[in-house]
Amino acid sequence: MSATVQTPTTRPQIPVTVLTGYLGAGKTTLLNRLLTEEHGKRYAVIVNEFGEIGIDNELVVDADEEVFEMNNGCICCTVRGDLIRILPSLMKRKEKFDYILIETTGMADPGPVAQTFYVDDEIASQLRLDGIVTLVDAKHVFAHLHDSNEVREQIAFADVVILNKTDLVDEIDLALLDARIRSMNSAAKVLRAQNAAVDIDEILDVGAFTLSRAQAVDAKFLEPEHPFEWAGVFRLAAGTARLKLQPGPDATMKVVVRPLERADETALEATYRDVTLAFSSDPMTLQLTAEPMSFPLEITRAGYYAIFTEHRPEEYNLTVVSGETELPASFSRYYKPDHEHDRTISSVGIEHSAPIDADRFNEWLRDLVARRGQDIFRMKGVLNVSGHDRRWIFQGVHMLVRGGPDREWEDGPRRNALVFIGRNLDRAELVSGFEKCLA
């Protein structure tokens, strides 16, 4: 009589697709198409947006799928922490999901989102990152390719690139853009589309994401993010040393200094937790002016010290001096940061319960686009229009704006909710202009 060893059965990993793309590329349009396809699957949808108020979940179709909204409210925050909280609780729900869709903010680097499925053991055991799908706005992407790290990272990380809005550009520009995308990411499948209309089988459950290619795009892919970008280890004498800096990308620089027992990687690594907490609670914040500046470091005991800086020292020509002597670092290390530099891009959110006059609103929006359209990367909103029982929605990218009636209002108070994302936005001007549209 032979014995048979029964191996426990495990639930197959649920596939996850990340939808990314710059502001206005068509992510929500694609998401709505996926939710209304006859596919026989139950999706869980996670929406993350950059903006003061969350409205993306209201722009998603009224489908059976449940939408989980994450609003990080800050361009330099990543969504990984939110995902690590949301995904395990999602997996414990009684309802069973066949697939998870994550729509990221247009300002997001998809790297930290993808990293979530490798750095957390509980998530990695139950979920499988199937692919990163990046939408590209064929009409407007050239305006951002040179000045937006996010656009380049979204394309570089993509397993599938959807070249969207192809009807808005001619064939010559389309061919140039197609070639540019393939030069940035030769491994990605490139699909062309209008209104994000693509074959669902081309983008879902395709098994496209691989860790090796992610690490080829970002060598630090599996490294956790830090509030600092650099650490230098210096031997300092008791007394006053000084940090000398020149102006750089930001007007401030956070710095944390910690003593080390010795000048090696092990001693440096032992300070990580303490330094990370110090950056969030009580860093030394240097205010930088238009002139080179010098900041004192009071050293009570001679020895080795690690100087952690929020940004790379070469961006500010940072040096450490004692008297008139510039001190060399015993060694230094760069880290993967959790922040960006561009402080000129922001969002303005407007909420108001009173109904608006449609004619005045359209006139205001036309004037706003004519004057500031190049600086407004993205605009979107849900409107309570006087005399109408349905919600009105509008969406715009730079100079192109479209809108109209949507589904009926649900029970409860009606409201206007608008978000503008762009460069050097004037909050007072936007709020004042909108309030003149109230009925």
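Identification of strands (runs of 3 or more DSSP E) wholly contained in the range 175-288 with 1 or more residues that are of a type in the set (Lys, Arg) yields 189-192, 230-236, 239-245, 252-260.
Residue count for the range 417-432 under the criterion of being open to solvent by 40 Å² or more (accessible area, probe 1.4 Å), of a type in the set (A, V, I, L, M) and in contact with a Phe, Trp or Tyr (Cβ under 8 Å, 6 or more places away or on another chain): the result is 0.
Yes/no matrix, rows are residues, columns are (1) in contact with a helix residue (DSSP H, G or I) (Cβ under 6 Å, 6 or more places away or on another chain); (2) open to solvent by 70 Å² or more (accessible area, probe 1.4 Å); (3) at positive phi; (4) in contact (Cβ under 8 Å) with a residue 24 or more places away in the chain:
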residue	(1), (2), (3), (4)
Gly239	no, no, yes, yes
Arg242	no, yes, no, yes
Leu245	no, no, no, yes
Ala270	no, yes, no, no
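Considering only residues in the range 299-325 that are open to solvent by 40 Å² or more (accessible area, probe 1.4 Å), at pLDDT below 95 and not in a loop (DSSP other than H, G, I, E, B), the one that is nearest to Pro110 (Cα to Cα) turns out to be Glu315. Pairs linking a residue in the range 293-318 that is closer than 18 Å to Val275 by Cα to a residue that is open to solvent by less than 20 Å² (accessible area, probe 1.4 Å) and charged (D, E, K, R), with Cβ atoms under 6 Å and 6 or more positions apart or on different chains, are His311/Glu229; Arg312/Glu229. Just one of (1) more than 14 Å from Pro227 (Cα to Cα); (2) in contact with a strand residue (DSSP E or B) (Cβ under 9 Å, 6 or more places away or on another chain); (3) free of Cβ contacts under 8 Å to residues at least 40 places away in the same chain fails for Pro283. It is (1). Ser386 satisfies every condition listed in (1) over 17 Å from Ser432 (Cα atoms); (2) open to solvent by 70 Å² or more (accessible area, probe 1.4 Å) except (2). When Gln154 is tested against (1) open to solvent by 10 Å² or more (accessible area, probe 1.4 Å); (2) at pLDDT below 90, only condition (1) is not met. Say whether the condition of being assigned to a loop (DSSP other than H, G, I, E, B), touching a helix residue (DSSP H, G or I) at 6+ places or on another chain (Cβ under 7 Å) and either among the aliphatic types (A, V, I, L, M) or at pLDDT below 80 (or both) is met by at least one residue in the range 31-43. Yes, there is a match, as at least one residue in the range 31-43 is assigned to a loop (DSSP other than H, G, I, E, B), touching a helix residue (DSSP H, G or I) at 6+ places or on another chain (Cβ under 7 Å) and either among the aliphatic types (A, V, I, L, M) or at pLDDT below 80 (or both). For the range 289-298, the candidate set comprises residues that are of a type in the set (A, V, I, L, M) and not in a loop (DSSP other than H, G, I, E, B); within that set, the residue that is surrounded by the most Cβ atoms within 10 Å (Cβ to Cβ) is Leu297. Evaluate the range 153-174: report whether one residue or more is farther than 29 Å from Leu34 by Cα and either part of a helix (DSSP H, G or I) or in contact with a helix residue (DSSP H, G or I) (Cβ under 9 Å, 6 or more places away or on another chain) (or both). Yes, the range 153-174 contains a residue that is farther than 29 Å from Leu34 by Cα and either part of a helix (DSSP H, G or I) or in contact with a helix residue (DSSP H, G or I) (Cβ under 9 Å, 6 or more places away or on another chain) (or both). Residues considered: Arg372, Arg402, Arg414. Of these, the only one that is touching a residue at least 40 places away in the same chain (Cβ under 8 Å) and either open to solvent by 70 Å² or more (accessible area, probe 1.4 Å) or on the phi > 0 side of the Ramachandran plot (or both) is Arg414.
Based on this model, can you work out whether Ala263 counts as aliphatic (A, V, I, L, M), touching a strand residue (DSSP E or B) at 6+ places or on another chain (Cβ under 8 Å) and surrounded by 15 or more Cβ atoms within 10 Å (Cβ to Cβ)? So Ala263 fits the description; yes.
Could you grab me the full set of residues in the range 345-364 that are within 27 Å of the chain's Cα centre (by Cα) and open to solvent by less than 30 Å² (accessible area, probe 1.4 Å)? Passing the criteria: Ile345, Ser347, Val348, Gly349, Ile350.
The values are calculated or read from the model by the stated rules, or taken from the named source; none is laboratory data. On a predicted model such as this, the values are computed, not experimentally measured, just so you know. For neighbour counting, all protein chains shown are included, and Cβ atoms are generated from backbone atoms with ideal geometry for every residue, glycine included. To get the accessible areas, we keep the full protein, side chains included, count just its heavy atoms, and leave off ligands, DNA and RNA. Shrake-Rupley method; radii C 1.70, N 1.55, O 1.52, S 1.80 Å.
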